[in-house]
Structure formats: C-alpha cells, structure tokens
1. Check the straight Cα-Cα distances from A:Lys198 and name the lysines below 30 Å, setting aside those fewer than 8 residues away within the same chain.
2. How much net charge surrounds B:Gly244 when only other residues with a Cβ under 12 Å from its Cβ are counted (Lys, Arg +1; Asp, Glu -1)?
3. Whole Å is fine, so just give me how far the alpha carbon centre of segment A:152-172 lies from that of segment A:92-114.
4. Take the Cβ-Cβ distance between B:Ser162 and A:Gln196 as r, set R0 to 60 Å, and report the resulting FRET efficiency rounded to the nearest 0.05.
5. How would A:Leu119, B:Leu2 line up from fewest to most surrounding beta-carbon atoms within 10 angstrom?
6. Using 0.36 nm times the number of residues separating A:Ala96 and A:Thr151, minus their current alpha carbon distance, what extension gain do you get?
7. Considering every residue in A:115-124, what mean count of other chain Cβ atoms within 10 Å of its Cβ is obtained?
8. Given axes a ≥ b ≥ c from the Cα gyration tensor, I'd like to know whether segment A:85-142 is rounded (a/c under 1.5), prolate (a/b larger than b/c) or oblate.
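Here, each number is a calculation from the coordinates, and none is a lab measurement. Owing to the predicted nature of the structure, the values given are computational and were not obtained by experimental measurement. Please note: Cβ atoms are built from the backbone with ideal geometry, for glycine as well, and neighbour counts cover all protein chains shown.
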Amino acid sequence: MPARIALALLLAALFLFPFIAEKQPYLLHVLILCCLYAIPAVGLNLMLGYTGLVSLGHMAFAGVGAYTAAVLMVDARLGFWLALLAGVLAAGAAGAAIGAICLRFRTHFFMIVTLAFGLMLYSVMNNWDEVTRGAAGFPGIPRPAPLGGFTFGPLPNFYYLALAAAATAFAVQWLVVRSEFGRVLVALRQDERLAQAKGVNAMLYKTAIFALGSAIAGLGGVLHVSFLRVAAPATFSLAESINAVLIVIVGGAGSLAGPALGALVFVGLPEYLRVAAEWRLVVFGILLVLIMLFAPRGLAGLAAHAWARVRA
Amino acid sequence: MLSAVLEQTVNGLMAGSVYVLVALGMVLIYGVMHVLNFAHGVLLMVGAYVCHFFFTRVTESYVLAILLSVIVLAILGIALERAVFRPLHGNLRNQVIASLGLILVFEHLVIAVWGPNALQMKVPATAALVPIGELRFPLQHLLVIGVTLAVVLALFFFLKVSKFGTAIRATSQDRMAAMVVGIPVERIDWMTFGLGTALAALGGALIGPLFLVFPQMGDAPMVKGLAGILLGGMGSVPGAVIGGFIIGIAESVSTLFLPTDYRDSVAFTVMILILLAWPRGLFGVRVRGED
C-alpha cells in the first residue's frame with residue numbers, strides 16, 4: 001500500500017509542478033527532457049532488464065519512429081496524432097523485422113548485430129538526403145495540433161504531453177511485467193532452455209518484446225523531435241544508444257522505476273551540478289563502471305536495499 | 001577500371017590492416033578471458049593521441065613515438081584488466097556494459113584534455129609517394145599494410161612457439177585444464193589484455209597520420225574489427241586476420257559501385273549475411289560458454 005500512496009503523491013506533484021514552478025521554465029524544460037529520455041529507456045528496460053536482451057542499437061528505432069512521423073507531418077501534411085501513431089507502428093514494425101534477424105544470434109553475437117543494425121539505420125538517416133534531409137537535420141517539425149482547445153505550444157502544456165506519454169510508457173511496462181507474457185520474459189532471461197522445455201516459443205516472445213520495446217522507443221523519438229522541432233541523426237546515434245543503456249543500468253535494470261530514476265540522474269544531475277558536457281559523460285562512464293562493479297541492480301536496487309534495512 | 005579496382009584493393013588492405021590489428025587484440029582477449037571489450041576502439045584512439053603527444057612534444061622520431069604509445073597503452077590495458085574486467089569475470093553482460101562505460105570515460109576525457117577538434121600529425125611517410133604500376137600510393141599506406149603483416153606473422157610465430165604464446169592458446173582452449181597443468185591463468189589474463197591494447201595502440205598510431213587524430217577515430221575500427229572477428233569465427237586468430245581484411249576490401253571495392261556514404265553498411269551487410277549462412281563464421285571455433 002505505501003508504494004501506491006507514494007506513486008499517487010508523486011503523480012500529483014508532477015501534475016502540479018508547472019503551477020509550483022511557474023517562474024522556472026528552465027526546470028520544466030529539464031523535466032520534459034527527463035520524460036523524453038525515460039520513454040525509450042522503458043522500452044529498453046523491457047528488453048534488457050526483464051528479458052536479458054542487451055540491444056546496442058535501441059535509439060535507432062526511436063529514430064525510425066521520429067523520421068516516419070516527421071516525413072508524414074511535413075511532406076504528407078498529416079496531423080500530429082496520426083503521425084505519432086504511424087511513427088510508433090513503424091518503429092514497432094522495424095523492431096519486429098530487424099529483431100527477427102538479430103534474435104537468431106545470442107549473447108555477444110546479438111549485441112554486435114544490434115549494434116550493426118543501429119549503425120546502418122543511423123547511416124540511412126544521415127545519408128538519405130531526399131527523405132531525411134541528411135546530416136543537417138529535418139527542420140520544421142510542428143508541435144502537436146491543439147486537442148479540444150488545449151494547445152501544446154507553451155512549455156507547461158508540452159510538459160503535460162510528455163508526462164502523459166511517459167506515464168503511458170510506464171503503465172505499459174507495468175502491465176507487461178505483471179502479465180503472463182512478462183513472466184515468460186523473465187523466465188527466458190533466467191533460463192531459456194528450461195523455458196523452452198516447458199513449451200515456450202522463445203523466438204516468438206523475444207521478437208514480440210523487441211517489437212514492443214522498439215515501438216515504445218518510437219513514441220519517445222516522435223515526442224523528442226516534436227519538442228526540439230527538428231530531427232537530427234545525432235539524436236539517434238550509437239552514442240545515444242549507449243546512453244540509453246546507461247540510463248537503464250544506472251536506474252536499475254529490471255525494476256519498474258529504473259528508467260525514471262536513470263533518466264532523472266542522466267538529465268537532471270549534470271544540470272544541477274553545472275559541469276561541462278565532456279566531464280559529465282566522464283562522470284557517467286565512471287558511474288556505469290562502478291555500478292557494474294558494486295551495485296549491478298542500479299539505483300532502484302540500492303533504494304530497495306536501503307528500504308529493507310530501514311524496515312528491518 | 002582495372003586500375004580503379006587495384007587502387008581500391010590497396011585502400012581496402014590498408015583499412016583492413018587497422019581492422020586486423022583491432023580484431024587481433026579483441027580476439028586474443030576474448031579467447032583467454034571470454035570478455036568482449038567494446039572499449040577497444042577508444043583505446044586505439046587513446047593510443048593515437050598518446051603517440052601524437054610523444055611525436056609533437058617529446059621526440060622527433062615517429063617510430064619512437066609509436067613504441068612509447070604502445071608501452072603506455074599496454075600498461076593502461078593491464079590496469080583496466082585489474083580494476084574493471086577481472087572483478088567482473090564470468091559475467092559477460094556486466095563486462096560489456098562496463099566497457100560501454102569505459103567508452104564514455106575515455107572519449108570524453110580525451111575531449112576534455114585535447115578538445116573536440118581533429119589534430120594533425122605530419123609524418124614524412126604520408127608525403128612520399130610510391131609508384132605501383134601506373135598508380136602512386138602514399139608510403140604510409142604501404143607502411144600500414146607492411147607493419148600489420150609483420151605483426152601478424154610475429155604473433156602467429158609467438159603463439160605457436162613461445163611458452164607464453166602456448167599458455168595463451170591453452171587458456172583459450174580450456175581455462176580449467178590450463179590451471180590444472182600449472183599455467184598461471186590470471187597472469188595470462190593481464191598479459192593478454194596488455195598485448196591486446198598494445199596492438200590497438202599500434203593501429204591508432206599508424207592511422208593517425210593518415211586520417212587525423214580525433215575523439216571518434218576508434219569507433220569505426222572497433223565495429224569493423226568486431227565484424228571481422230564474427231566473420232572469421234569468434235575465437236579464431238587466423239579468422240580475425242582474414243575477416244578483418246575481407247571487411248576492409250569489401251567496403252573499399254564497394255565504393256566503385258555504391259555511394260561512399262554506405263560503405264559502413266556494406267561491411268555490416270556482408271557480416272550479417274555470412275553469419276546467417278555460417279553462424280560460426282568462416283573459421284568458427286567452438287568456444288566454451290556459448291549456446
């Protein structure tokens with residue numbers, strides 16, 4: 001029960017935040033970025049944390065969603081909401097197709113093949129000038145059209161959109177994890193052979209979660225470029241895919257709150273500390289190594305451990 | 001057309017040489033420790049920066065600068081094995097993630113120290129041209145290929161003949177059995193790691209003068225080196241050499257038919273197609289702990 005009350009309080013605080021911090025557009029900006037980084041991380045958490053699939057090309061699928069939506073909105077003049085849906089579906093379809101190939105490989109073979117596909121998708125975004133506008137980026141992406149009189153142009157309003165999207169992603173994660181499907185995924189991570197001996201079609205389940213994880217990444221990607229109003233290949237590069245792994249691991253792989261904690265630390269901490277960009281990633285790299293060495297369950301694991309101690 | 005193919009083949013051999021140096025280091029480390037170090041590419045980059053530092057600040061001699069950089073990186077590799085990879089022994093996933101952390105650390109440390117811009121390294125061998133048939137190549141191209149071939153031969157000889165080399169092969173084949181016959185496997189671990197990072201430093205020091213020295217210079221060699229390893233067969237040393245050269249030549253020759261921008265994709269497509277056909281690669285060795 002205390003967990004539910006805490007969650008309700010947290011949601012209320014997040015909802016009221018624009019009113020509390022009315023004179024702090026900068027804080028709002030940071031929180032929006034947290035949401036935008038947390039969404040793809042949720043998708044990766046389902047794959048990496050729960051199923052044990054370390055994908056090193058995750059953000060490329062966010063890029064598939066983002067560029068699909070961008071082309072539909074700018075070139076085909078489609079509305080934002082339909083484009084968002086199409087982007088999510090396109091990312092999911094790309095995840096299903098590419099995942100079906102990647103999942104024929106295991107352990108490090110899988111990691112390297114996902115890395116290779118990530119780089120190939122990046123190369124398409126970077127070089128297919130006619131469609132993606134190439135390395136210079138895809139400008140002129142609109143903010144969502146007003147919904148029932150509610151416009152998404154102003155920062156606080158876009159914040160609610162990002163918050164709602166993040167909440168949706170976390171809700172999907174929660175639903176998956178507590179479902180029969182989610183339990184099979186965890187079983188596959190723990191012992192794939194045993195699960196198969198019990199009659200689980202491992203390939204089907206893993207492809208499904210690869211597709212779902214990619215679709216969630218696509219959601220994050222579409223919102224990200226709509227927020228920045230420009231899609232740039234760099235947002236979906238290998239470095240960003242590594243950052244996504246970092247967010248999931250630092251937050252706590254295989255925990256429901258992990259991606260949120262990870263994104264908060266990744267986006268929020270350097271803003272708070274005001275360190276130069278290059279030192280910030282040096283610090284995060286060291287943090288990642290230290291977490292692997294001393295706290296493989298990440299911040300969520302540390303928090304759970306501390307909570308258990310307090311209660312004992 | 002023929003001379004264009006020849007030109008691209010030499011370019012491919014040159015690029016492939018660097019992939020081979022990276023792949024050899026990774027495959028040796030993988031064989032002995034069952035670690036896949038994704039930070040191998042940034043270590044190549046650090047090697048190039050260290051070489052640049054010695055060459056511009058300390059000594060006039062390029063050869064001496066290469067040697068110093070190789071030594072510094074070998075020490076760095078040994079330190080990393082001690083501090084990061086040994087404690088995570090046996091946990092592939094955590095090792096890979098820690099190596100991703102090392103990528104961030106080194107890439108951004110270098111940016112913080114040397115800045116994000118590419119540095120030039122003026123070595124006489126880049127200016128000198130050598131005629132082959134009707135084509136002329138910079139001496140540095142041929143130097144890269146020659147040094148790599150010499151290193152490959154020396155390494156084969158070392159692995160076959162020397163005691164340390166034999167111990168490396170024994171540990172790769174069966175760590176437990178190697179321990180039983182009295183091979184100090186932990187010493188083999190750090191020595192192999194040092195050897196691997198030394199090879200990466202050599203690669204970085206060799207391509208630095210050709211393609212400038214910049215923070216992302218190791219990314220492509222790392223990924224292509226990996227592709228070469230998978231292509232040749234995970235754990236096979238000759239496979240890594242042949243795989244690295246195949247990737248290098250395939251991507252260079254492809255530029256005759258396809259836009260240069262898609263060169264990397266060609267390398268990956270070759271890798272994925274070959275793996276789908278032969279999951280163990282061309283010279284696949286069955287390595288413990290897999291499937």
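1. Reachable lysines: A:Lys206.
2. Values: positive: B:Lys224; negative: B:Glu251.
Computed value for this residue: 0.
3. Measuring centre to centre over Cα atoms gives 30 Å.
4. Numbers: r = 44 Å, r/R0 = 0.74.
Calculated transfer efficiency: 0.85.
5. Values: A:Leu119 24, B:Leu2 8.
If I rank by nearby Cβ atoms, fewest first, I get B:Leu2, A:Leu119.
6. On the way: separation 55, 0.36 × 55 = 19.80 nm, distance 3.41 nm.
16.4 nm is the gain from fully extending A:Ala96 to A:Thr151.
7. Numbers: counts 6, 12, 3, 2, 7, 8, 1, 2, 6, 3.
The mean count of partner-chain Cβ atoms within 10 Å per residue comes to 5.
8. Details: a/c = 3.45, a/b = 1.73, b/c = 2.00.
Oblate, since a/c reaches 1.5 and b/c is not below a/b.
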